[in-house]
Structures are given as structure tokens and as C-alpha cells.
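Asker: Mind having a look at this structure? Questions to follow.
Readers should treat all values here as calculations from the given coordinates under stated rules, not as data from a laboratory. Only a predicted model underlies this, so the values are computations on that prediction, with no experimental measurement involved. Counting neighbours? That spans all protein chains shown, and the Cβs are built from the backbone with ideal geometry, glycine included.
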Protein chains: 2
Amino acid sequence: MNRISLFLSFSALSLAAASAWSADTSSEAIASELRDKALRGESVAWDIVSELTTRIGPRPAGSAAERAAAEWSAKKLKALGFENVRIESFPMTSWVRGTERVEITAPSPQPIVAAALGGSPPTPAAGIEGEVVLFATFDDLKAAAPGSLTGKIAMVTRPMPATQDGSGYGVAGAARREGPTEAARRGAIGYLLRSLATGGERFAHAGAARYDGARVAIPSFAISEPDSQQIERLARLGEKVRLRLNSTASYVPNATSQNVIADIRGSERPDEVLLLGAHLDSWDLGTGAIDDAAGIAIITGTAKLIAQAPRKPKRTVRVVFYGSEEVSQPGDIPLGGIVYSREHKAEISTHILAGESDFGAGRVYSVSLPEGAQASPFGVTLTRVLAPLAVVPSRVPPGEGGSDVGPLEELGVPVFLLNQDGMKYFDIHHTANDTLEKIDPAALSQNVAAWTSLIWLAADSEVDFRALRSAAGNASPAKP
Amino acid sequence: MNRISLFLSFSALSLAAASAWSADTSSEAIASELRDKALRGESVAWDIVSELTTRIGPRPAGSAAERAAAEWSAKKLKALGFENVRIESFPMTSWVRGTERVEITAPSPQPIVAAALGGSPPTPAAGIEGEVVLFATFDDLKAAAPGSLTGKIAMVTRPMPATQDGSGYGVAGAARREGPTEAARRGAIGYLLRSLATGGERFAHAGAARYDGARVAIPSFAISEPDSQQIERLARLGEKVRLRLNSTASYVPNATSQNVIADIRGSERPDEVLLLGAHLDSWDLGTGAIDDAAGIAIITGTAKLIAQAPRKPKRTVRVVFYGSEEVSQPGDIPLGGIVYSREHKAEISTHILAGESDFGAGRVYSVSLPEGAQASPFGVTLTRVLAPLAVVPSRVPPGEGGSDVGPLEELGVPVFLLNQDGMKYFDIHHTANDTLEKIDPAALSQNVAAWTSLIWLAADSEVDFRALRSAAGNASPAKP
């Protein structure tokens with residue numbers, strides 16, 4: 001062993017021993033140390049995502065499994081030292097996938113990989129059979145004449161691009177939500193959609209369709225990308241393609257979902273709350289690892305690391321594991337995030353800042369702070385702490401902050417986004433393939449590091465994000 | 001447009017026009033031109049693989065779909081100008097997958113992605129339920145005491161490495177073929193196998209188990225890699241894992257399979273045959289694109305290109321589309337390749353050389369010629385023609401040449417291999433994900449180019465591979 005490798009060995013040893021806290025107890029020094037601990041994997045994030053997806057598996061909204069996940073979560077949060085741990089239940093109608101089968105019956109029989117869209121009604125026991133009519137886009141379907149699809153199965157074949165920020169999904173979403181209603185309006189007896197997906201593997205990507213009254217209009221399915229291409233090729237060969245659709249899906253009107261809430265209480269301003277959200281429910285096909293056990297793991301890993309800091313932060317850090325994110329409908333299927341904002345209306349003014357982790361475990365590449373915050377001393381410090389993680393300030397504002405914290409934002413709570421790389425997210429999203437192995441432990445640690453940096457700095461400060469926002473709003477040119 | 005880009009444009013134009021044949025009609029010049037045509041995609045290979053997998057889809061041995069594929073093939077081969085096109089049928093027992101479901105029942109209910117192994121008997125209608133016993137390797141299962149698995153479900157969890165030459169699959173195969181018998185012998189009521197697979201996606205990889213008498217011993221399933229890891233993690237958490245297995249698989253004793261045979265007749269020695277094989281049957285989950293419509297496309301593209309050469313080759317080029325490759329069993333489920341060698345026994349001495357394409361559409365990286373041929377003038381010329389394709393002589397002899405030409409090799413027919421890169425093959429092999437999109441058209445063209453080079457040179461020669469082999473054998477040190 002030469003001198004240089006000896007030196008490196010000693011350095012490695014001292015790094016390993018460096019888990020003790022440094023003498024500098026400034027807020028930024030602690031943020032940097034928390035960040036580095038997170039990056040070294042010294043958080044509970046991996047254990048949380050592994051145990052939740054392994055013990056419970058799929059957690060459809062309103063199911064016994066979602067309830068079991070909530071109970072497991074409450075127990076785990078208590079064991080980790082969280083305070084004020086509670087489960088807040090709410091009623092919902094749940095939708096249960098049955099057995100389902102989609103097949104080409106002509107020109108020659110072939111099975112199709114499909115998943116009924118969430119909320120889709122069952123077919124008659126004998127199934128539905130009809131000729132398929134292909135539409136390149138949802139707009140083309142909407143341009144079809146009334147009655148032109150009578151007795152037919154309508155299908156939208158539009159492919160979706162991979163985009164880092166997930167915007168491809170945003171554009172494609174209407175075809176899933178509104179497709180069944182628009183197809184039924186023109187006489188269709190069934191509706192098929194090329195999965196809102198990237199990657200080209202033969203998985204159907206589930207997802208909710210919008211209710212038309214108390215249910216989805218007609219039996220509707222997402223089919224895999226290769227199956228969509230197969231049907232398109234058959235049509236190009238000049239064949240009339242007929243399909244048979246079978247589903248025994250059902251509704252459970254008296255089901256229950258729940259939010260799980262837990263706090264790390266602040267030392268000086270415990271009534272001021274930073275809210276960290278993720279959702280506990282998942283689609284039923286996979287084990288909901290990237291969607292959204294990863295988010296549960298990231299926010300829990302963050303809050304627990306902050307609780308382990310050499311001193312408590314001034315403000316309270318709250319985690320909320322939302323129920324019923326995937327399936328909510330206007331009416332009788334509430335969103336966990338709406339329930340939280342309704343039940344906690346009285347405290348909303350004390351919610352300083354809220355953020356949500358619900359885009360898998362891809363690395364964070366940028367941060368979007370509430371208006372006015374990026375240029376403040378808080379934003380400058382945060383930029384410095386995030387820099388080693390390859391995270392930069394975003395030029396795009398945080399918008400609503402996510403589906404579950406959106407209702408808080410509507411009530412005036414400032415929100416932030418830690419933007420994650422989503423280039424691969426829709427390869428896996430809502431499929432049977434959403435399992436633990438798809439999470440890169442190093443990327444998960446980088447997420448916890450970014451969250452810990454931001455949340456510690458905000459929790460250990462007196463920054464008033466509402467005031468910064470108002471000042472920035474006042475400084476902006478007046479709106480016409 | 002500057003002069004250089006003008007020059008390039010003219011060059012591109014003249015290249016495009018260069019499909020006409022050069023004045024040099026030497027065998028090597030024609031081989032090189034055929035190779036380049038193939039590489040430019042000027043073969044029927046893509047059309048074949050696209051239309052076969054699209055029109056017919058899955059083609060399980062003994063099914064109506066396999067028959068339809070054979071009829072489509074005969075029609076296509078006639079239309080392409082092949083001569084002596086015939087379908088040679090043979091009886092078999094076929095196995096039909098029913099509906100199937102594997103689920104964890106304890107500690108908490110979860111679905112498992114599984115596929116019954118080929119030949120696996122149905123379960124009782126209520127299914128089979130039992131505790132799972134995990135074995136890290138098949139040898140560990142075989143070391144279990146008689147009776148030690150009574151009432152249990154045995155499961156082998158061994159992962160498989162990706163290897164370029166597919167040798168990882170060879171090592172792993174016994175656990176699929178022999179696993180059900182060995183588990184049943186120790187009292188097990190069901191058998192599960194971590195799929196013989198790479199890539200880690202949540203697909204079950206089908207495949208045949210060996211008959212024990214006239215059926216597989218007990219209901220047996222391959223489960224996806226993530227599901228195997230899930231069950232292993234549950235066990236590591238200290239849980240007793242219980243599973244329920246359901247399958248309505250059935251046997252059809254009076255089914256029929258068939259081989260399809262077609263020739264490009266040689267000009268000078270039409271009775272001397274070069275045999276190019278691939279199999280027409282596929283597993284039932286996917287559309288059998290890489291396994292083995294790709295092989296059908298490669299050999300047909302090769303033979304058709306040779307038929308388009310400026311002169312006919314001296315010898316006959318024969319394609320054989322074998323039936324019943326995936327499922328054969330000693331006894332009542334014959335291998336198409338064995339049927340061919342039995343039915344054509346009288347002609348075997350005129351079979352100069354045989355080769356099989358049954359490893360997807362990954363690029364060819366090396367060639368294994370019959371003993372004695374590599375060092376001959378034929379081998380030297382072939383090496384020169386293959387060099388631009390990045391194909392080198394292999395140091396490994398061709399062995400049996402493949403499952404369908406193996407029986408010919410046993411009867412003394414010299415065989416060759418064009419070895420394909422299989423690093424990704426077992427990501428897809430025997431899954432629902434084996435669809436057209438997994439084939440890279442450029443790699444398919446490179447395969448046709450390599451096959452066309454070899455087959456043209458051999459067909460347009462008088463090389464006696466048997467004599468070369470005998471001479472090489474004589475020159476070798478005597479075996480003890």
C-alpha cells in the first residue's frame with residue numbers, strides 16, 4: 001500500500017466516522033450535513049418503500065389493502081418518533097377491477113393486453129363485440145358525427161412522447177378522462193385507448209376515466225402500446241378488425257379511505273406547519289412503488305432526518321399520506337387532498353409552505369419556489385445547499401404544486417416543487433411493472449437530500465412565504 | 001448548396017441507382033453484392049416478420065393459429081417464386097393454456113404475475129393453496145428429503161445472468177424441465193419457478209416442463225422476476241407466505257402440427273440441398289416475433305435474395321418452417337425437426353449443410369463452420385465477405401446446430417451457426433412482450449446479410465463439408 005492509498009483509506013475512515021455533527025450549528029451548516037447524510041443513504045426512505053410495497057403490495061383506494069397500509073403507516077410513524085399520529089377516515093365509492101379480457105376476434109383470434117379504465121362499468125357476461133373504429137387523436141373522435149359510432153368500439157391511437165417534466169402526459173390525459181363519454185355520445189358500445197405511456201413494453205397502463213353521472217359511460221380499456229400498433233397494422237393491411245371486451249368490474253358504494261397525518265413538532269413556533277405530502281393509495285396492478293410509495297418514502301425519510309438533527313427546527317414538519325388520489329371524481333369519490341383541506345380549514349393560515357412528492361424516484365433537477373422566494377435570502381441559501389445535488393432554480397413557477405396539495409394552494413398556502421426527471425416515469429406508471437426494483441436507491445437518496453435541504457431551511461427559519469409572494473405580486477406589472 | 005454537398009448528393013443518387021448488378025459475376029462478387037443489398041434492407045425479411053406476427057399473432061404448436069400460419073406461409077412462399085412448396089402434417093397432443101391466477105393469500109393478499117409451464121396440468125376448480133418453500137437453487141430442491149414438501153408449494157428462486165451466447169439459459173433450464181417432477185417426488189402439490197429470464201420486468205416467461213408419463217407432474221408456473229423477489233423479501237421479513245394457484249389448462253390429444261418446406265432449385269446440382277431452418281410455432285402469450293418469426297424472416301429473406309441473384313446458384317436452397325419446436329416431449333409430442341429428419345431420411349445424404357435461425361434478431365457476431373471448413377478456401381472467402389458485417393470466425397464449434405437441425409446433425413449432416421448477440425434475448429423470450437417492435441430492422445438486415453453471404457457461397461460451390469470434416473477428424477489426435 002503506497003502513501004496515497006494509505007491517505008485515501010484514512011480519509012474514507014474519517015468520512016465514515018463523520019456522522020457525528022459538526023460544531024457549526026448554523027441553519028445552513030445543519031442543512032448541508034442533513035443533505036450529505038441523506039445522500040449517503042442514512043435515511044429510512046429505502047426501508048419504507050421496500051416494506052410498504054412488500055408487506056402490503058397494491059393499495060387501491062377504498063380497499064382493505066389501503067386501510068392496512070394506513071394502519072401500518074401509523075404504527076411505523078409512531079415507532080419512528082413522530083407525534084400526533086392520526087388516521088382521518090372518509091367515505092367513498094370504490095371501484096374494483098374484476099376479471100377482464102380483450103381479444104381480437106377477426107380477422108384471426110388474438111389476445112390483447114388491456115386494463116379496464118378506473119370507474120369503467122362491467123360488460124354483460126357474454127362480453128361486447130364490435131368492429132373497431134380507429135382515431136389518430138381524441139380531437140378526431142370528437143369530430144365524428146353523432147350516431148357514426150353506433151354499435152362500434154372507438155379507439156384512440158395517439159402515442160405520447162417522453163418528456164422530462166411529464167408534460168406529455170398532461171396533453172394526452174383528456175383522451176382517457178373524457179374518451180368514454182365522447183365515444184358513447186356518438187353511439188359507441190366500448191372505448192379503447194392506447195395507454196398513456198412511453199417505453200413500448202407490453203403493459204397496459206391503468207388510470208381513471210371521468211364519471212358521467214355515477215359511472216363511466218361505457219366499458220373502457222387502456223391497451224398496451226404494442227397492441228395498439230398491432231391493431232393499426234391490421235387495419236393498414238386492409239382488414240376489418242373486430243374485438244370482444246369482457247370485464248366484471250364492480251362498484252362498492254360504502255367504502256372508506258383515509259389520510260394519515262404525523263408531525264415532528266417545532267421548537268419555537270410549533271403552530272407553524274410545513275406540510276409534506278404523498279399518496280398512500282396506488283393502482284391495483286403493480287405494487288405502487290414509483291406511484292407513490294417512493295413519495296411516501298421521500299417525505300418520511302426527510303422528516304425523520306430533520307428530527308435527528310442536533311437541534312429541533314423552529315417550525316413543525318408534518319407528513320400527510322393521502323388516501324384516494326388516483327381515482328377521485330367530482331361528486332362521490334373525494335380526493336384525499338380535498339378532504340384534508342376541508343377538515344383542516346381552521347389551521348390553513350398556519351400552513352407556511354406545502355409540497356408533494358408524486359412523480360416516482362427520478363432525480364430532482366430543479367426547484368420551483370413560491371413567487372418571490374427564489375430571490376430572497378432563503379432562496380439564495382437554498383440554491384447554495386442544493387448545488388452539489390445538481391439541482392438548479394427552475395424558471396417555471398410551481399403552479400398548483402400537485403394534485404393533493406392543490407386544494408391547499410387554492411386556499412392560499414404557498415407551494416413548492418422539487419422537479420424530478422420523468423423521462424422513464426411513464427414506462428412504468430400505472431402498470432403491473434410498478435415494483436420496487438424500478439427504484440434506484442441512489443436516486444431515492446438524492447431526492448431525500450433535496451427535500452431535507454429545503455424543508456430544514458424553511459422549518460428552521462421565520463421566512464413568511466405569503467409575504468414574499470405578496471411583495472412579488474405588488475412588484476409585478478399590474479394585470480389588465 | 002456548396003460543392004461538397006452537391007458531390008455527396010450525386011453520390012447518394014448513384015448509390016441508390018446501384019441496385020443493378022456489377023459485371024463481375026464471380027461467386028464472391030455476387031456474395032458481396034447480395035450482402036450489401038440485404039444490409040440496405042432490400043430483402044423481404046421485414047415484411048415477413050411484420051405480416052406473420054400481425055396477421056396471425058401467437059401460434060402455439062398444434063393450434064388452428066399454427067395451421068393458419070403454415071397456410072399463409074405456403075401461399076407467401078409460392079407468391080415469392082419458391083418451388084416445390086408443401087405442408088407436411090403430423091399428429092401431436094397439444095397443450096392449451098386456460099385462465100390462470102396465482103396469488104399470495106398470506107400475510108396479505110397480492111396478485112402474482114405468472115404463466116403455467118407448458119404441459120402443466122390444471123388445478124382443481126377451487127385452486128391449490130399451500131405454504132411456499134423457497135430453494136435458492138434447483139440442486140437445493142433435489143437435496144430436500146422425501147416427504148419434506150408434503151402439502152407445500154416448492155419454488156426455485158435462482159436468477160439467471162445475461163450472456164451473449166445464451167449459455168445462462170442452458171445452465172438454468174433443468175429447473176424448468178425437471179422441477180415439477182422433483183418437487184412432486186418430495187410431496188409438493190405445486191411448483192413455482194423464477195422465470196428463466198433477464199431484464200427484471202414484470203413478465204412471466206413461459207416454457208415447457210418435462211412430462212412425467214403423459215403430463216407434467218403437478219401444476220407448475222413461471223413467475224416474473226419481481227414477483228420472485230417479492231416473495232423472497234416477504235420471507236426475509238419473517239413471514240410465512242401462502243399462495244393459491246389456479247389454472248384451467250387442458251390437453252388436446254388429436255391435434256396436428258406441420259412443417260412447411262420450399263425450395264429455390266439449384267442450376268447445376270439441384271439434388272444437393274442447403275437447408276435453412278426456423279420454427280413457425282410460438283408461445284401463446286406474445287406474437288412470437290423474436291421467437292421465431294425473426295428466424296422465419298431471416299431464412300426467407302436470404303433464400304429470396306439468392307433467387308434474385310444474376311444467376312442461379314449451383315445447389316438447391318431449401319427453407320423449412322418447422323412446427324412444434326417449443327413443446328416437444330419424448331413420446332407423443334414430436335419435434336418438427338425430428339419429423340423432418342424421419343420423413344426425409346432417404347434424402348439426408350444429399351443435404352450438404354444445414355443451419356437454423358432461432359435466437360431472435362440480435363446482430364450476428366461470429367460464425368461457426370463444420371469442422372475443417374474454416375481453414376478451407378471456402379472459409380477464407382467467407383471470412384472476407386463477412387468482415388464488413390463485424391462477423392468473425394468463432395472458436396467454438398457449432399455443436400448440434402440448434403434444436404430443429406439437431407436431428408439432421410445426428411444423421412451426419414454438417415451444420416453451421418451464425419451466432420447472434422443474445423444479451424437482451426431473455427428479457428423478451430417467451431413473454432407477452434415478444435412483439436414486432438422488439439426487432440431492430442437494421443439488426444434484422446445484418447442477419448440476412450450474414451446468412452446470404454454464407455448460403456450463397458456454399459450454394460454456388462462444390463464444397464464437400466462432409467469430406468472436409470472427415471479430413472479434419474483424421475488430422476486430429478486420436479480420441480482415447
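Asker: Residue A:20 versus residue B:410, label points 7 Å from Cα toward the beta carbon: distance in nm?
Answerer: 7.3
Asker: Nearest 0.05, what FRET efficiency do residue A:311 and residue A:471 give at R0 = 30 Å with Cβ-Cβ as r?
Answerer: 0.50
Asker: Over 24 Å between Cα atoms, which of B:312/B:345; A:75/A:424; B:78/B:314; B:312/B:438 qualify?
Answerer: On the way: B:312/B:345 26 Å; A:75/A:424 33 Å; B:78/B:314 21 Å; B:312/B:438 34 Å.
Long pairs (Cα-Cα over 24 Å): B:312/B:345; A:75/A:424; B:312/B:438.
Asker: Straight distance only, please: which lysines reach the Cα of residue A:152 with their own Cα at less than 21 Å, same-chain residues fewer than 8 apart left out?
Answerer: Within the straight-line cut-off, residue A:152 pairs with A:142, A:240.
Asker: While we're looking at this one, here's another question. How many angstrom separate the Cα center of the stretch A:33-95 from the Cα center of the stretch A:130-157?
Answerer: Going from one Cα centre to the other spans 42 Å.
Asker: Right, next: Based on the Cβ-Cβ distance from residue A:78 to residue B:143, what FRET efficiency comes out when R0 is 56 Å, to the nearest 0.05? Walk me through the numbers on the way to the answer.
Answerer: Numbers: r = 44 Å, r/R0 = 0.78.
The value I calculate is 0.80.
Asker: Residue-wise, which Karplus ³J(HN,Hα) couplings in Hz belong to the stretch A:425-432, taking 6.51 cos²θ - 1.76 cosθ + 1.60, θ = phi - 60°, and x for glycine or proline?
Answerer: 4, 7, 6, 10, 3, 6, 10, 4
Asker: Please state the shape class of the stretch A:261-357: rounded when a/c is under 1.5, otherwise prolate if a/b exceeds b/c and oblate if not, all from the C-alpha gyration tensor. Working shown, then result.
Answerer: Details: a/c = 3.80, a/b = 1.42, b/c = 2.67.
Note, shape of the stretch A:261-357 comes out oblate.
Asker: Within a 10 angstrom radius of each residue's Cβ in B:425-438, how many Cβ atoms of other chains show up on average? Whole number is fine. Working shown, then result.
Answerer: On the way: counts 0, 0, 1, 2, 0, 0, 2, 8, 7, 2, 10, 4, 7, 4.
The mean count of partner-chain Cβ atoms within 10 Å per residue comes to 3.
Asker: Relative contact order for chain B: what is it in percent, counting Cα pairs under 8 Å that are at least 6 residues apart?
Answerer: On the way: 1122 pairs, mean separation 105.7, N = 480.
Relative contact order for chain B comes out at 22 percent.
Asker: Related question: Quick one: net charge around residue A:162, please, counting Lys, Arg +1 and Asp, Glu -1 for every other residue with C-beta under 14 Å from its C-beta.
Answerer: Details: positive: A:424; negative: A:165, A:201, A:225, A:421, A:427.
Residues near residue A:162 contribute -4 overall.
Asker: How high is the FRET efficiency from residue B:136 to residue B:164, r the C-beta distance, R0 30 Å, rounded to 0.05? It would help to have the intermediate numbers written out before the result.
Answerer: On the way: r = 25 Å, r/R0 = 0.85.
The value I calculate is 0.75.
Asker: Taking a label point 7 Å from Cα toward Cβ, how far is residue B:83 from its twins in the other copies, in nm, shortest first?
Answerer: Sorted ascending, the copy-to-copy spacings read 9.4 nm.
Asker: Output the antiparallel fraction of DSSP beta bridges having both residues in chain A, as a percent to the nearest 5.
Answerer: Once the DSSP bridges in chain A are tallied, antiparallel ones form about 55 percent.
Asker: Taking the highest mean first, how do the peptides A:56-69, B:125-138, A:209-222 order by number of other beta carbon atoms within 10 angstrom per residue? Before the final figure, lay out the partial values.
Answerer: Working: A:56-69: 23.6, B:125-138: 15.9, A:209-222: 22.1.
Highest-to-lowest ranking by the protection proxy: A:56-69, A:209-222, B:125-138.
Asker: Mind running the shape call on chain A? Use the C-alpha gyration tensor, a ≥ b ≥ c as the square roots of the eigenvalues: rounded below 1.5 for a/c, prolate if a/b tops b/c, oblate otherwise.
Answerer: Working: a/c = 2.02, a/b = 1.80, b/c = 1.12.
Note, shape of chain A comes out prolate.
Asker: Toward the positive end of the charge dipole of chain B, about the Cα centre and with charges on Cβ (Lys, Arg +1; Asp, Glu -1), which of B:44, B:307, B:134 goes farthest?
Answerer: Of the candidates, B:134 comes out farthest on the positive side.
Asker: Now, a different point. In terms of modelled amide H atoms, which long-range or inter-chain residues lie less than 5 Å from the amide H of residue A:353?
Answerer: Here A:275 satisfy the definition.
Asker: Within 15 Å, Cβ to Cβ, of residue A:248, how many net charges do the neighbouring residues add up to if Lys/Arg are +1 and Asp/Glu are -1?
Answerer: Working: positive: A:97, A:101, A:215, A:244, B:101; negative: A:100, A:284.
Charge balance in the 15 Å sphere: +3.
Asker: With each pseudo-label sitting 7 Å past Cα toward Cβ, what's the residue B:387-residue A:236 distance in nm, one decimal?
Answerer: Placing both labels 7 Å along Cα→Cβ, they lie 3.9 nm apart.
Asker: Still on this structure, please answer the following. Could you give the nm distance between label points at residue A:99 and residue A:126, where each point is 7 Å from its Cα heading toward the beta carbon?
Answerer: 1.9
Asker: Considering the options B:450, B:468, B:109, tell which one lies farthest towards the positive end of the dipole of chain B, charges being +1 on Lys and Arg and -1 on Asp and Glu at the Cβ, about the Cα centre.
Answerer: Going by the charge dipole, the pick is B:109.
Asker: Any chance you could give the angle, 0 to 90 degrees and rounded to 10, that helix B:167-177 forms with the longest Cα principal axis of chain B?
Answerer: It is inclined by approximately 40 degrees.
Asker: Moving on to the next point. Quick check: the angle from helix B:465-475's long axis to the longest principal axis of chain B, C-alpha only, nearest 10 degrees?
Answerer: The helix B:465-475 is inclined about 80 degrees to chain B.
Asker: Further, regarding this structure: Which of the three applies to the stretch B:43-96, rounded, prolate or oblate, going by the alpha-carbon gyration tensor with a ≥ b ≥ c and a/c under 1.5 meaning rounded?
Answerer: Working: a/c = 3.27, a/b = 1.39, b/c = 2.36.
The shape class here is oblate.
Asker: Provide the percentage of antiparallel DSSP beta bridges, counting only those with both residues in the protein assembly as shown; round to the nearest 5.
Answerer: Values: 74 of 135 bridges.
Beta bridges within the protein assembly as shown, antiparallel portion: roughly 55 percent.
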